[in-house]
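Student: Before I ask anything, let me first share the structure, which is written out below as structure tokens.
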Amino acid sequence: MNIVVCVKYVPDAQAERTFNATDNTTDRENVDGLLSELDEYAVEEALKIVEAGEGEVTVLTVGPDAAADAIKKALQMGAHKGVHVSDDAIHGSDAIATSLVLAEAIKKIGDVDLVVTGMASTDGTMGVVPAMLAERLGLPAVTFASELAVEGTTATIRRDGDASTQTITATLPALVSVTDQINEPRYPSFKGIMAAKKKPVEQWSLADLGVDASQVGLDAAWTKVESFAARPPRTQGEIVADEGDGGSKLAAFLTERKFV
């Protein structure tokens, strides 16, 4: 079983995140970055599948030089090798271009039985890349899995909705996106951290994938940030003193805003 896990290097959600003033793209240089938390669940699920049988897990990311840290974290968790697609022309790419680069990289990796992704990235939070990627690869997409079982040439997921639960099956090769309910990602052990230093990581450019620079980047993006502004500081709320009529004032406040 050869599994490719697509991961993303994102700005730390706990940091003060902003955009570049020059082109309105996400600022990834002046903030600490890390492996997207939602992608850790994808890495963990791939490792569990391989550990229950045999095969290997390849971690794939698209991003600047610093994105190598996302691969390193996945290798420390137990992934076997990594692929890093890095090219200056990729800067500013939207979901459509990102899915193109990922698809061509997976084709170059070759002989893939299963592609696993997180449900969304923690910076863009769009959640559309898995479906776009599956379409480009011609694979069945089973998305938002809260449970995944692989038996023979069949992948079966459980998708939990607000009102119902669905069981969906697909014939391998396939693409599966997983939610944060599917497992509990492991912490890298000391042994895993040391072993990761010897694991192979290939770095590819757009030319290596046969992707023309005009197909990616900000100029080719279908979606862009037109403008941004800092969130205004929070103002002090209204204080209701309990002077006998506090309950009535509170009820009136909630009713006025249609909370009750």
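Student: Which members of region 1-24 meet the condition of being in a strand (DSSP E or B), in contact with a helix residue (DSSP H, G or I) (Cβ under 8 Å, 6 or more places away or on another chain) and not β-branched (Val, Ile, Thr)?
Tutor: 6, 9, listed by residue number.
Student: While we're on this one: Inside region 44-61, can you point out the residues that are charged (D, E, K, R) and either exposed (fewer than 15 other Cβ atoms within 10 Å of the Cβ) or on the phi > 0 side of the Ramachandran plot (or both)? It would help to see each step written out before you state the result.
Tutor: First, pick out the residues of region 44-61 that are charged (D, E, K, R): 44-45, 48, 51, 54, 56.
51, 54, 56 - these are the residues of region 44-61 that are charged (D, E, K, R) and either exposed (fewer than 15 other Cβ atoms within 10 Å of the Cβ) or on the phi > 0 side of the Ramachandran plot (or both).
Student: Report every pair of residues separated by at least 6 positions or lying on different chains whose Cβ atoms are under 7 Å apart, first residue within region 207-236 and free of Cβ contacts under 8 Å to residues at least 12 places away in the same chain, second part of a helix (DSSP H, G or I) and surrounded by 10 or more Cβ atoms within 10 Å (Cβ to Cβ).
Tutor: 214/220
Student: Please go through region 11-43 and give me each residue that is of a type in the set (A, V, I, L, M), within 23 Å of residue 228 (Cα to Cα) and either in contact (Cβ under 8 Å) with a residue 12 or more places away in the chain or open to solvent by less than 20 Å² (accessible area, probe 1.4 Å) (or both), ordered by number. Please lay out each step first, then the result.
Tutor: Of all residues in region 11-43, those of a type in the set (A, V, I, L, M) come to 13, 15, 21, 31, 34-35, 38, 42-43.
Then drop every residue that is not within 23 Å of residue 228 (Cα to Cα), which leaves 13, 15, 21, 31.
13, 15, 31, listed by residue number.
Student: Please go through region 56-110 and give me each residue that is closer than 26 Å to residue 21 by Cβ and in a loop (DSSP other than H, G, I, E, B), ordered by number.
Tutor: Residues satisfying the conditions are 63, 64, 86, 87, 91, 92, 93, 94.
Student: On to the next question. Can you name every one of the strands (runs of 3 or more DSSP E) wholly within region 161-224 that holds 1 or more residues which are among the aromatic types (Phe, Trp, Tyr) and open to solvent by less than 80 Å² (accessible area, probe 1.4 Å)?
Tutor: On the way: elements: 165-171, 174-178, 201-204.
Strands (runs of 3 or more DSSP E) meeting the threshold: 201-204.
Student: Which residue out of 132, 126 is part of a loop (DSSP other than H, G, I, E, B), under 25 Å from residue 213 (Cβ atoms) and without any contact (Cβ under 8 Å) to a residue 40 or more places away in the chain?
Tutor: On the way: 132 fails: part of a loop (DSSP other than H, G, I, E, B).
Just a single option satisfies the conditions, and that option is 126.
Student: Then there's this: When you check residue 243 against the structure, is it of a type in the set (Asp, Glu), open to solvent by 80 Å² or more (accessible area, probe 1.4 Å) and outside any loop (DSSP other than H, G, I, E, B), yes or no? Spell out the reasoning first.
Tutor: Working: of a type in the set (Asp, Glu): yes; open to solvent by 80 Å² or more (accessible area, probe 1.4 Å): yes; outside any loop (DSSP other than H, G, I, E, B): no.
No.
Student: Also, quick follow-up: Out of all the residues in region 73-115, which are acidic (Asp, Glu), open to solvent by 30 Å² or more (accessible area, probe 1.4 Å) and touching a residue at least 12 places away in the same chain (Cβ under 8 Å)?
Tutor: 87, 104, 111, 113
The values are calculated or read from the model by the stated rules, or taken from the named source; none is laboratory data. For clarity, every value in this text was computed on a predicted model and none was experimentally measured. Don't worry about glycine lacking a Cβ; one is built from the backbone with ideal geometry, like all the others, and counts go over all protein chains shown. Note: areas computed on protein heavy atoms with side chains; ligands, DNA, RNA excluded. Shrake-Rupley method; radii C 1.70, N 1.55, O 1.52, S 1.80 Å.
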